[in-house]
1. Can you tell me which of Glu107, Glu82, Glu88, Glu97 is at pLDDT below 95, of a type in the set (D, E, K, R), touching a strand residue (DSSP E or B) at 6+ places or on another chain (Cβ under 7 Å) and more than 23 Å from Thr31 (Cβ to Cβ)?
2. If a residue must be within 24 Å of Gln38 (Cα to Cα) and among the polar types (S, T, N, Q), how many such residues does the range 65-118 contain?
3. Does the range 15-38 include one or more residues that are surrounded by 13 or more Cβ atoms within 10 Å (Cβ to Cβ), among the charged types (D, E, K, R) and under 14 Å from Lys69 (Cα atoms)?
4. Return yes when Gly124 is touching a strand residue (DSSP E or B) at 6+ places or on another chain (Cβ under 9 Å) and on the phi > 0 side of the Ramachandran plot and no when it is not.
5. Just to be sure, is Ala30 touching a Pro at 6+ places or on another chain (Cβ under 8 Å) and modelled with pLDDT of 95 or more?
6. Read through the list (1) out of contact with any Pro (no Cβ under 8 Å at 6 or more places or on another chain); (2) of a type outside the set (Asp, Glu); (3) within 18 Å of Thr4 (Cβ to Cβ); (4) touching a residue at least 60 places away in the same chain (Cβ under 8 Å), then give the number of the only condition that Trp125 fails.
7. So which of Thr100, Thr71, Thr79 ends up being over 15 Å from the mean Cα position of the chain (by Cα) and surrounded by 14 or more Cβ atoms within 10 Å (Cβ to Cβ)?
Amino acid sequence: MERTIVTALAELGKPSAPADPTNEQDRQIATDLVDTLQAHRAECVGMGANMIGERKRVIVFVDEDLGGKATVMFNPVITDAEGAYETEEGCLSLDGERPTKRFDRIEVEYDNRRGRHCHARFSGWTAQIIQHEIDHCNGVII
C-alpha cells in the first residue's frame with residue numbers, strides 16, 4: 001500500500017529500531033516501502049521506513065545493476081567503505097539538495113525478506129543510494 005511521505009524533521013531525525021523480517025508487521029512495512037517507492041519512482045530511487053512514518057531499520061532501493069528491481073534490506077549495516085567523496089543529494093522528504101560525504105565502494109550486512117543474513121558489496125550510484133537510506137535508519141538528515 002502506498003503511504004504518505006513524512007517531511008517532519010523531528011521524526012526523520014530519530015534513529016530506528018531493529019526490524020524482524022519474520023514479523024508480519026515488519027514485512028508489511030517492507031511491502032509498503034516498495035509500493036511507495038514505485039509510486040514515486042519518477043523522483044525517488046530509495047526509501048527508509050521512517051520516510052513512511054515507521055521507525056524500523058528497513059530500506060528499499062532500486063538497483064539498476066539488477067534491471068531496476070527494488071531491493072529490500074532489513075537492519076543494514078555498512079561494514080566497510082572505501083573511496084570517500086563529497087557530493088550533493090536530494091531527498092523526497094526534504095526540499096532541495098544538501099552536501100554530504102559518501103563512499104564509492106561499500107560492504108553491507110543485512111537480512112533479506114526471507115530472514116537470511118546476507119553480505120554484499122556495492123559501488124557507484126547504488127552504493128550512494130544505500131548509504132543515504134542507512135542514514136535514514138540512523139536518524140541522520142543530510
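The values are calculated or read from the model by the stated rules, or taken from the named source; none is laboratory data. Owing to the predicted nature of the structure, the values given are computational and were not obtained by experimental measurement. Cβ sites come from the backbone with ideal geometry, for glycine too, and all protein chains shown count toward neighbours.
1. Numbers: Glu107 fails: at pLDDT below 95; Glu82 fails: at pLDDT below 95; Glu88 fails: at pLDDT below 95.
Result: Glu97 is the single residue among Glu107, Glu82, Glu88, Glu97 that is at pLDDT below 95, of a type in the set (D, E, K, R), touching a strand residue (DSSP E or B) at 6+ places or on another chain (Cβ under 7 Å) and more than 23 Å from Thr31 (Cβ to Cβ).
2. 4
3. Taking every residue of the range 15-38 in turn, at least one turns out to be surrounded by 13 or more Cβ atoms within 10 Å (Cβ to Cβ), among the charged types (D, E, K, R) and under 14 Å from Lys69 (Cα atoms).
4. Details: touching a strand residue (DSSP E or B) at 6+ places or on another chain (Cβ under 9 Å): yes; on the phi > 0 side of the Ramachandran plot: yes.
Spelling it out, Gly124 is indeed touching a strand residue (DSSP E or B) at 6+ places or on another chain (Cβ under 9 Å) and on the phi > 0 side of the Ramachandran plot.
5. Yes.
6. The failed condition is (3).
7. Working: Thr71 fails: over 15 Å from the mean Cα position of the chain (by Cα); Thr79 fails: surrounded by 14 or more Cβ atoms within 10 Å (Cβ to Cβ).
Selected residue: Thr100, the only one of Thr100, Thr71, Thr79 that is over 15 Å from the mean Cα position of the chain (by Cα) and surrounded by 14 or more Cβ atoms within 10 Å (Cβ to Cβ).
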